[in-house]
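> First, the structure itself, so that you have it in front of you.
The values are calculated or read from the model by the stated rules, or taken from the named source; none is laboratory data. This is a predicted model, so every value here is computed, not measured. With ideal geometry, Cβ positions are generated from the backbone for all residues, glycine too; neighbour counts draw on all protein chains shown. Accessible surface areas use protein heavy atoms only, side chains included; no ligands, DNA or RNA. Shrake-Rupley method; radii C 1.70, N 1.55, O 1.52, S 1.80 Å.
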Amino acid sequence: MHVSIVTLFPELFEPFLSATVLGRAVQSGLIRVDCVPLRDYGEGRHRVVDDRPFGGGPGMVLLAEPVVQAVEAARAAHGPGVRTILLSPQGRRFDQPLARELAAAPDGFVLLCGRYEGIDERAIQVLAPEEVSLGDYVLSGGEAAAITVLDATARLVPGVLGDERSPEEDSFSLPDGLLDHPHYTRPASWRGHDVPPELLTGNHAAIAAWRRAQALERTRARRPDLLPKDEEA
Ligand code: 4GT
């Protein structure tokens, strides 16, 4: 998986890319992450990347030219099928199916992070990116959203997680997209709370049946909208 991130704050990604699972995946070459500093494409000696909004109002707007140049430079390091994604509260909701799609995108993807009040609309028209939103809330920049997309996609790349089974058993990844079942570890009895006895039997079929029932019960209680049609009501 090859991801390029266009951002005013490339240093925000560095600790995330050097630590944990993602860091190891980058080191081992399973994923490639290029940060493209928007500042490098700024105007003049001061590398200006923003200006005040026409029509007035608070805050600043990212200039079209540096944004388009930075994204074009980012795209040039990918194949012709590269997908360009603008993180924006106005986009398609990010979910596990989209994470799977992006993780498997043959020419990778570019993540464009906005800042301030946003990006000059003409840059968005010219780049024609796919817009993707994490949910109905406002962030101060697209970077936190980009890190989320990066994490959710990278862990689906074969070999990134140690255990190949685990990504397919998480919430939204069970065959039918249910919430995950509860998990327990030692001790079997803790502060008067016991681990469900089904998990201590060593009977793999009984354990799988218990987990499946728990996943269904949780999904019914917390996210009935996710229930498969034949499990409704
Ligand atoms: C929310 C989301 C996002 C923002 C989201 C332009 C300047 C947008 C700041 C940016 N807020 N980005 N991707 N819900 N804010 O995904």
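> Full-extension gain between Asp163 and Glu231, please, as 0.36 nm times their residue separation minus the C-alpha to C-alpha distance. Mind showing how you got there, number by number?
Values: separation 68, 0.36 × 68 = 24.48 nm, distance 2.96 nm.
Full-extension gain reported as 21.5 nm.
> Charges at C-beta only: +1 for Lys and Arg, -1 for Asp and Glu. How large is the resulting dipole of the chain about its Cα centre, in Debye rounded to 20? Present the calculation step by step, with values, prior to reporting the outcome.
Values: 24 positive and 34 negative charges, 80 e Å.
It comes to approximately 380 debye.
> Can you work out the FRET efficiency for the pair Ala188 and Arg32, with r the C-beta to C-beta distance and R0 = 41 Å, to the nearest 0.05?
Values: r = 44 Å, r/R0 = 1.07.
Efficiency, rounded to the nearest 0.05: 0.40.
> Counting only protein heavy atoms, what percent of the accessible surface of the range 1-48 is carbon or sulfur at a 1.4 Å probe? Spell out each step's value before the answer.
Values: 1480 of 2750 Å².
The computed percentage sits at 54.
> Continuing with this model, one more query. Carbon and sulfur together cover what percent of the accessible area of the range 103-215 at a 1.4 Å probe radius? Kindly include the intermediate steps, with their values, before the conclusion.
Numbers: 3460 of 6370 Å².
Exposed carbon and sulfur together represent 54 percent of the surface.
> Using DSSP, restrict attention to beta bridges with both residues in the range 1-135 and report what percent are antiparallel, rounded to the nearest 5. Please report the intermediate quantities before stating the final value.
Details: 3 of 24 bridges.
That works out to approximately 10 percent antiparallel.
> Between His204 and Ser18, 0.36 nm times their residue separation minus their Cα-Cα distance comes to what? Don't skip to the answer; put the middle values down first.
Numbers: separation 186, 0.36 × 186 = 66.96 nm, distance 3.77 nm.
Between His204 and Ser18, full extension yields 63.2 nm more.
> Continuing with the same structure: Give the long-range amide H neighbours of Ser4: residues separated by 5 or more places, or on another chain, with amide H under 5 Å away, using H modelled in the peptide plane at 1.01 Å from N.
Amide H neighbours of Ser4: Asp34, Phe109, Val110, Leu111.
> Also: Starting at the first residue of the range 197-202, write each ³J(HN,Hα) from the Karplus equation 6.51 cos²θ - 1.76 cosθ + 1.60 with θ = phi - 60°, in whole Hz, x for Gly and Pro.
So the Karplus estimates, Gly and Pro as x, are x, 3, 7, 9, 7, x Hz.
> If you don't mind, there's one more thing I want to ask. Which of rounded, prolate or oblate describes the range 133-226 when judged by the alpha-carbon gyration tensor and an a/c cut-off of 1.5?
Working: a/c = 2.01, a/b = 1.77, b/c = 1.14.
Cα axes put the range 133-226 in the prolate bin.
> At a probe size of 1.4 Å, how large is the accessible area of Ser18, to the nearest 10 Å²?
80
> Next up: Assuming R0 = 25 Å, what is the FRET efficiency of Arg220 and Asp170, from their Cβ-Cβ distance, to the nearest 0.05? Walk me through the numbers on the way to the answer.
On the way: r = 18 Å, r/R0 = 0.73.
Using R0 = 25 Å, I get an efficiency of 0.85.
> Can I ask one more? Under 5 Å between amide hydrogens, which residues at least 5 positions from Ile119 or on another chain qualify, with H placed 1.01 Å from N in the peptide plane?
When sequence neighbours closer than 5 places are left aside, the close amide H contacts are Leu62.
> Scan around Asp50 for amide H atoms under 5 Å from its own, H built in the peptide plane at 1.01 Å from N, and keep only partners 5 or more places away or cross-chain.
Residues meeting the criterion, in which the H sits 1.01 Å from N, are Leu63.
> Using only the alpha-carbon atoms, how far is helix 64-76 inclined from the longest principal axis of the chain? Give it as 0 to 90 degrees, nearest 10.
Approximately 60 degrees, to the nearest ten.
> Using helices alone, I'd like the mean residue ellipticity at 222 nm for the chain: each DSSP H run of four-plus residues gives -39500 (n - 2.57), total over residue count, nearest 500.
Values: 7 runs with 72 residues, N = 233.
About -9000 deg cm²/dmol.
> Classify the chain as rounded, prolate or oblate, taking a ≥ b ≥ c as the square roots of the eigenvalues of its Cα gyration tensor: rounded when a/c is under 1.5, otherwise prolate if a/b is larger than b/c and oblate if not. Walk me through the numbers before you get to the answer.
On the way: a/c = 2.50, a/b = 2.08, b/c = 1.21.
Here the chain falls in the prolate category.
> Return a whole-number percent for the relative contact order of the range 23-105, with Cα pairs under 8 Å and 6 or more residues apart as the contact set.
Working: 47 pairs, mean separation 15.6, N = 83.
The normalised contact order for the range 23-105 reaches 19 percent.
> Per residue, how much accessible area does the chain have with a 1.4 Å probe, in Å²?
Details: 13390 Å² over 233 residues.
Here the per-residue accessible area is 57 Å².
> Right, here's the next one. Can you tell me which of Asp120, Asp136, Asp170 moves the most in a GNM of the chain? Springs connect C-alpha atoms under 10 Å apart.
Asp136
> Here's something else I'd like to know. Residue by residue through the range 150-164, which ³J(HN,Hα) values in whole Hz follow from phi under the Karplus form 6.51 cos²θ - 1.76 cosθ + 1.60 (θ = phi - 60°), with glycine and proline marked x?
4, 5, 5, 7, 4, 5, 8, 6, x, x, 5, 8, x, 8, 5
> Lys and Arg at +1, Asp and Glu at -1: add these up for the other residues within a Cβ distance under 14 Å of Ala145 and post the number.
On the way: positive: Arg92, Arg93, Arg115; negative: Asp95, Glu130, Glu131, Asp136, Glu143, Asp151.
Local net charge: -3.
> Next question, about the same structure. Is the range 180-222 rounded, prolate or oblate when judged by the Cα gyration tensor, a ≥ b ≥ c being the square roots of its eigenvalues, rounded requiring a/c under 1.5 and prolate requiring a/b larger than b/c? Before the final figure, lay out each step's value.
Values: a/c = 2.84, a/b = 1.31, b/c = 2.17.
Oblate.
> Let me ask something else. Would you give the gap between the C-alpha center of the range 150-214 and the C-alpha center of the range 63-110, rounded to a whole Å?
Going from one Cα centre to the other spans 32 Å.
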